[in-house]
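All remarks here apply to the structure that follows.
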Amino acid sequence: KGKKGLVESRERQFQRLADHAKNIVIWLGRDLRCEYVNREVQRLLGYASDELLGKEIPWGEIVHADDYHIIERWQDAKQDKVASMEGEFRLYTKTRHMLFLSYRVALQYDDDTFTGLDLVAEDITQQKIAEQELRKANRKIQEFNARLTDDVSKKIRALRESEERCK
């Protein structure tokens, strides 16, 4: 009972830690079926753990079409014995709301045999929206400066022409 009690205690501690994480955590087994998801998956994406556990994640349905090649790279990486990958991709929640995620994938091997893939992803949607707003604001400032410069140049030319006429 002592060993079993210790294991159960460690499992509860792990679960508490995982449940408080602000990142999405998904573990896939060697067949790429879902073995674990933390609570953040349901909070952010809207999928309950029982919708994913023991199943293949429906990447084709939830990953933005322009970013699906990233998922294919994860799947190809196991043949090349890649240890980890990171980047960003867009994903749709269950209610079809698009999120931007920053991710890190760790591929697991036992000797040379692929045993699973761990995904940790952070929601960076607000950051991406802020970057887009900043780019828009910069474009507007540049357009305003260009118009201002053009107006000033026209006024200087008109003034010079007026000076010439006066002379």
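The values are calculated or read from the model by the stated rules, or taken from the named source; none is laboratory data. Keep in mind it's a predicted model, so treat the numbers as computed, not measured. Every residue, glycine as well, gets a Cβ built from its backbone with ideal geometry; the counts of neighbours run over all protein chains shown. The area values use the complete protein model at the heavy-atom level, side chains included, leaving out ligands, DNA and RNA. Shrake-Rupley method; radii C 1.70, N 1.55, O 1.52, S 1.80 Å.
General observations
- Carbon-plus-sulfur accessible fraction, the chain (probe radius 1.4 Å, protein heavy atoms only): 50%.
- Sites listed here are trypsin sites (Lys or Arg not before Pro) in the stretch 9-80 whose DSSP assignment is loop and whose Cβ has at most 13 other Cβ atoms within 10 Å: 22, 55.
- Charged side chains reduced to their Cβ positions (Lys and Arg at +1, Asp and Glu at -1) give the stretch 32-117 a dipole of some 380 debye around its Cα centre.
- Taking every alpha-carbon pair under 8 Å whose residues sit at least 6 apart, the chain reaches a relative contact order of 18 percent.
- Cα-centre dipole for the chain with unit charges at Cβ (Lys and Arg positive, Asp and Glu negative), debye to 20: 860 debye
- Nearest-0.05 FRET efficiency for residue 3 and residue 48, computed from C-beta distance (R0 35 Å): 0.65
- Considering only 106, 24, 124, and ranking their Cα positions along the charge dipole of the chain that arises from unit charges at the beta-carbon of Lys, Arg, Asp and Glu, the one farthest toward the positive end is 124.
- Label selected from [x] 107, 34, 28; [y] 96, 33, 19; [z] 42, 36, 34, the criterion being Cα extents along the principal axes in Å as computed here: [x]
- Subtracting the Cα-Cα distance of residue 12 and residue 159 from their residue separation scaled by 0.36 nm leaves 44.9 nm.
- Options 149, 138, 57, ranked by Cα towards positive dipole end of the stretch 15-167, top entry (Cβ charges): 149
- Here the dipole of the stretch 119-167 is about 420 debye; that uses its Cα centre as origin and unit charges on the Cβ of Lys and Arg (positive) and Asp and Glu (negative).
- Computed E for residue 55/residue 133 - FRET, C-beta separation, R0 35 angstrom, nearest 0.05: 0.40
- Over the chain: helical MRE at 222 nm, DSSP H runs n ≥ 4 each giving -39500 (n - 2.57), nearest 500: -15500 deg cm²/dmol
- Probe 1.4 Å - accessible area at residue 162, Å² to nearest ten: 50 Å²
- For the stretch 22-167, share of DSSP beta bridges that run antiparallel, in % to the nearest 5: 95 percent
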